[in-house]
1. How many residues, within region 352-367, are crowded, with 18+ Cβ neighbours inside 10 Å and of a type in the set (Gly, Ala, Ser)?
2. Only one of these is within 19 Å of the chain's Cα centre (by Cα) and either touching a residue at least 24 places away in the same chain (Cβ under 8 Å) or away from the ligand (no atom under 16 Å from the Cβ) (or both): Ala208, Ala165, Ala216. Name it.
3. For a quick check of your reading of the model, give me the residue pairs whose first member lies in region 299-313 and is of a type in the set (Ser, Thr, Tyr), whose second is more than 9 Å from the ligand (Cβ to nearest atom) and part of a helix (DSSP H, G or I), with beta-carbon atoms closer than 8 Å and at least 6 apart or on different chains.
4. Which of the residues spanning region 287-306 are touching a strand residue (DSSP E or B) at 6+ places or on another chain (Cβ under 9 Å) and closer than 12 Å to Pro391 by Cβ?
5. I'd like to verify a number: residues in region 21-37 that are aliphatic (A, V, I, L, M) and surrounded by fewer than 18 Cβ atoms within 10 Å (Cβ to Cβ), how many?
6. The conditions are (1) crowded, with 19+ Cβ neighbours inside 10 Å; (2) over 22 Å from Leu67 (Cβ atoms), and Val113 fails exactly one of them. Which is it?
7. Going by the conditions given, is Leu67 farther than 19 Å from Tyr192 by Cβ and in a strand (DSSP E or B)?
8. Filter region 265-292 down to the residues that are away from the ligand (no atom under 16 Å from the Cβ) and crowded, with 17+ Cβ neighbours inside 10 Å and list them by number.
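The values are calculated or read from the model by the stated rules, or taken from the named source; none is laboratory data. Everything numeric here is computed off the predicted structure, so don't read it as measured data. Cβ coordinates were reconstructed from backbone atoms using ideal geometry, including for glycine residues, and neighbour counts include every protein chain displayed.
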Amino acid sequence: MPSNIVSEIGPAEYPETVNIRGYKPSTGVHIGQIKKALEMLKNAKKPLFLIGDGVNISHANEEFEKLVNITKVPVITTIMGKGAIPTKHPLFIGNVGMHGSYASNKAVNECDVLFSIGTRFNDRVTGRIAEFAPNAKIIHIDIDSASISRNIVVNIPIVADAKAAINELIPLAQELYTKKWVNQIKAWDKEYPVTAPSSVEGRISPQAIFENLNKAFTEGIFLTDVGQHQMWTTQFLEMNKNKQLITSGGLGTMGFGLPAAIGAQLGNPDKRVVCIAGDGGVQMTIQELATAVQLELPITLVIINNGFLGMVRQMQQFFHDKNYSGTCLRKRKSCEGKCNFDGSNIPECCPPYTPDFIRLAESYGAYGIRVTDEDKLSDAFEEAKKNTDSPTIIEILIDFKDVVLPMVQGGKALDNMLLETNY
Ligand SMILES: Cc1ncc(C[n+]2csc(CCOP(=O)(O)OP(=O)(O)O)c2C)c(N)n1
């Protein structure tokens with residue numbers, strides 16, 4: 001911005017109300033539509049709640065859990081809706097969509113009433129729209145009328161704030177017989193549980209990172225950057241009412257994590273803030289570490305380092321005949337011809353990691369811990385918790401062949417899931 005514009009005098013006060021043409025959220029609830037929705041739900045044999053971030057944004061988590069406890073309807077969430085209900089709740093199934101669990105995606109395919117609250121039905125959630133929830137009637141509550149029947153045509157639209165609508169549903173809702181249906185979904189989950197083992201024995205598995213993280217951090221604000229680490233976070237981060245997950249979702253803005261963590265920590269000085277990033281995206285805004293150091297923000301920045309732009313590499317592996325290009329972050333010009341990027345002939349000259357995130361952390365005045373051994377994960381997290389005067393980078397080295405599964409290719413139907421790696 002030109003400096004004369006920056007130095008112009010303007011009003012410093014925030015207005016009391018904001019008026020945006022074209023965005024007129026409705027906060028009232030149409031009780032007739034609520035009753036129709038409950039009638040539809042009552043007659044369902046395979047009902048399913050599909051929950052998006054709207055429930056988190058309207059702080060309707062407790063109310064929603066109450067509704068689930070009354071109705072006994074199983075729940076799947078979008079990655080933005082994660083945390084709408086504790087992940088240990090017996091009726092929580094998992095995430096839906098591109099990297100959703102097998103059970104969740106199968107449940108969408110089989111359900112007869114899909115009761116969705118606060119989601120936009122974006123393409124990462126729906127897969128191929130024409131084949132989305134083929135057997136279901138759909139109820140959709142959303143505060144933004146423009147979101148209703150935009151991507152998915154719904155049977156019962158309800159334009160309302162999620163919390164207000166759920167509060168109207170609670171006194172009228174009744175328990176449904178869902179046992180058989182829930183058992184069926186749980187059987188699918190047993191058949192193909194969400195797992196992330198290491199592709200090389202002895203190396204740290206992505207899943208182990210989160211098992212240790214869940215034990216070390218039982219409350220706080222968790223943020224992600226964009227890529228495989230983001231998807232593993234949405235798959236394995238346990239959520240409870242004292243945890244919040246902030247991620248850029250389908251927008252996919254690499255470089256989001258660290259600056260967002262700074263914002264989260266500034267806004268919540270008494271809360272623990274943990275950012276999970278990849279070695280690619282974190283370098284897009286790593287200079288913000290200077291700000292975090294200056295402001296003495298005790299952010300824990302977990303960098304899951306696989307030496308690659310992992311998510312794009314995974315797509316090259318699955319959908320482009322393993323034609324790896326532009327995704328190796330350790331590549332040197334002189335590597336040409338010596339390496340085929342599939343791990344079968346890693347040349348001598350290949351550095352173990354680059355950059356050296358520990359030296360980088362220390363050069364900014366932050367703490368740095370490198371973890372190469374699964375047994376050391378817990379110690380690293382505990383040590384970071386003790387650092388209160390500066391950020392801590394925990395760099396965790398994993399193998400570059402580790403992939404996020406299940407995966408639905410963009411544009412394919414949700415039940416068309418890749419369940420195994422093709423190495
Ligand atoms: C600014 C930007 N550029 C490119 C992309 C496409 N993209 C999505 S994920 C990804 C790879 C991210 O790599 P890394 O940060 O190392 O995380 P990993 O997938 O390895 O966990 C890329 C390049 C994007 N989402 N945003």
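1. Residues flagged as crowded, with 18+ Cβ neighbours inside 10 Å and of a type in the set (Gly, Ala, Ser) within region 352-367 amount to 2.
2. Ala208 is the lone residue from the list that is within 19 Å of the chain's Cα centre (by Cα) and either touching a residue at least 24 places away in the same chain (Cβ under 8 Å) or away from the ligand (no atom under 16 Å from the Cβ) (or both).
3. Hits for this filter: Thr300/Phe381; Thr300/Ala384; Thr300/Lys385.
4. Scanning region 287-306 gives Leu289, Ala292, Leu297, Pro298, Ile299, Thr300, Leu301, Val302, Ile303.
5. 1
6. Of everything listed in (1) crowded, with 19+ Cβ neighbours inside 10 Å; (2) over 22 Å from Leu67 (Cβ atoms), Val113 misses just condition (2).
7. No.
8. Of everything in region 265-292, those that are away from the ligand (no atom under 16 Å from the Cβ) and crowded, with 17+ Cβ neighbours inside 10 Å turn out to be Gln265, Arg272, Val273, Ala292.
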